[in-house]
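Here the structure comes first, spelled out in structure tokens, and everything after it is commentary.
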Amino acid sequence: MRIDYRLTAPITLNARLDLRGFTVLLGPSGEGKTSLLQAIAGLLPAIGEPFAGLPPQRRPVGYMPQGYALFPHLRAWENVAFPLPRHTIERKERARALLAQVGMEGAAIERHPQELSGGQQQRVALARALARQPQLLLLDEPTSALDPATRDELMAELIEQVRHLGLPTLAVTHDPHLAVLADWTAVMIGRGIVQEGTPRQVFGTPVSLDVARLVGFRNLFTGLVRELRGEWAEVAVDGIVLRAPAPDWLRPGMTVGVVVHATDIGLAAPGTAAPPGMDAIPLRLITIREEGLAWRIHGESGCGLPLDVLLHRSAVPDITLSEGMAAVVLLQPRHVHLCRLRDGEDQAGTAGQVTPVPASPQ
């Protein structure tokens, strides 16, 4: 299924993306993701496909809004039955069957929303959306009402349910964690779609610094392309020359984005020579802190280049780490990714510049 919608109110937005199984639209808050869902459902005026020109009640769409929007005065089964035809004997049985379909049975179906857990509320909201027998399911920030301890399990169940139903689903979120679980991921920046692909493609090869920042990269720089050698490029970043796979659009003299995932950086003792095929960069450790079973390390190269390193417990080097000490960063060129400075633009320049590292966690 192809989504192609244009809005002019309450915001101007132009979104074209493919739906492939469980699809996640990832974007910062305020981009218009919820407005897009409401337009598809016919709740906002818009031009687009599918379902162009149909009133909301005739669109074969199931819509699960942010926070679920369950009626607090209705029991679980009554919430599910709300979209069903009134005054029919089978209404409650149909609602019970829909709740059973999403894994909710027993006494819980007689309870009111405030008596249910977050996961149970999610199941009720999903069953209510399915009551319309939709051809498309729309989910608005489905993780927002879930606590971190149960989020992964409940989202895995939800995704498995919609996959089992074979129902095309579009979920919008600002949470990169949900996008990782998708069959297909699209990224919205600047009120338009700037990239789409599998999660591996989007998270591994972001098309711009903005996309890289959104999907969790902390090491974000600009660099000058010095030379192309077959499939590889040499890029100068503040006095350090890095090797990286060369995209097809790359040309010598361009100023490009250079991004490295914090988990792709290794650390070794001072004076360690780089193994064949790897680059070694001297680093002074500025801050070290524990993050669960990992160490978050912030350091600077001799040229002042800031680097953020996330070492999991099994990857901590056989040295005593301390703030202010010298170390060596080991980096495989295949883990250095080159992208455009801004979406849809080629850049030319004469000097590399460091892009400020964002505060959001990886």
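Residues considered: GLN133, GLN114. Of these, the only one that is closer than 14 Å to GLY62 by Cα and more than 19 Å from the chain's Cα centre (by Cα) is GLN133. In the condition set (1) at pLDDT 60 or above; (2) farther than 19 Å from GLY266 by Cβ; (3) part of a loop (DSSP other than H, G, I, E, B), PRO361 is compliant with all but (1). Of everything listed in (1) modelled with pLDDT of 90 or more; (2) exposed (fewer than 12 other Cβ atoms within 10 Å of the Cβ); (3) assigned to a loop (DSSP other than H, G, I, E, B), the single unmet condition for ARG289 is (3).
Among the residues of segment 262-312, the one identified as in contact with a Pro (Cβ under 6 Å, 6 or more places away or on another chain) and of a type in the set (D, E, K, R) is GLU300.
I'm trying to understand the selection: among the residues of segment 5-54, which are more than 20 Å from the chain's Cα centre (by Cα), of a type in the set (Val, Ile, Thr) and part of a strand (DSSP E or B)? I'd like the intermediate steps shown before the answer.
Just the residues of segment 5-54 that are more than 20 Å from the chain's Cα centre (by Cα), to begin with: 5-12, 38-54.
After this cut, where a residue has to be of a type in the set (Val, Ile, Thr) as well, the list is 8, 11-12, 40, 47.
Hit for segment 5-54 is ILE47, nothing else.
Scan ILE11, ILE40 and give me the residue that is surrounded by 13 or more Cβ atoms within 10 Å (Cβ to Cβ) and touching a helix residue (DSSP H, G or I) at 6+ places or on another chain (Cβ under 7 Å). None of the other options fit; the residue is ILE11.
Would a scan of segment 262-275 turn up a residue that is under 27 Å from PRO206 (Cβ atoms), surrounded by 13 or more Cβ atoms within 10 Å (Cβ to Cβ), of a type in the set (Gly, Ala, Ser) and at pLDDT 90 or above? So far as segment 262-275 goes, yes, one or more of its residues are under 27 Å from PRO206 (Cβ atoms), surrounded by 13 or more Cβ atoms within 10 Å (Cβ to Cβ), of a type in the set (Gly, Ala, Ser) and at pLDDT 90 or above.
With segment 67-185 as the region, which helices (runs of 4 or more DSSP H) entirely inside it contain at least 1 residues that are of a type in the set (Lys, Arg) and without any contact (Cβ under 8 Å) to a residue 40 or more places away in the chain? Can you show your working first?
Working: elements: 76-81, 91-101, 118-130, 148-165, 176-180.
In segment 67-185, the matching helices (runs of 4 or more DSSP H) lie at 91-101, 118-130, 148-165.
Condition check ((1) hydrophobic (A, V, I, L, M, F, W, C); (2) under 28 Å from the mean Cα position of the chain (by Cα)) across all residues:
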{"residue": "GLY192", "(1), (2)": "no, yes"}
{"residue": "GLN195", "(1), (2)": "no, yes"}
{"residue": "THR198", "(1), (2)": "no, yes"}
{"residue": "ARG229", "(1), (2)": "no, no"}
{"residue": "ALA244", "(1), (2)": "yes, yes"}
{"residue": "GLY253", "(1), (2)": "no, no"}
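The values are calculated or read from the model by the stated rules, or taken from the named source; none is laboratory data. Here the structure is a predicted model, which is why all the values come from computation and not from measurement. Ideal geometry is used to build each Cβ from the backbone, glycine not excepted, and the neighbour counts take in all protein chains shown.
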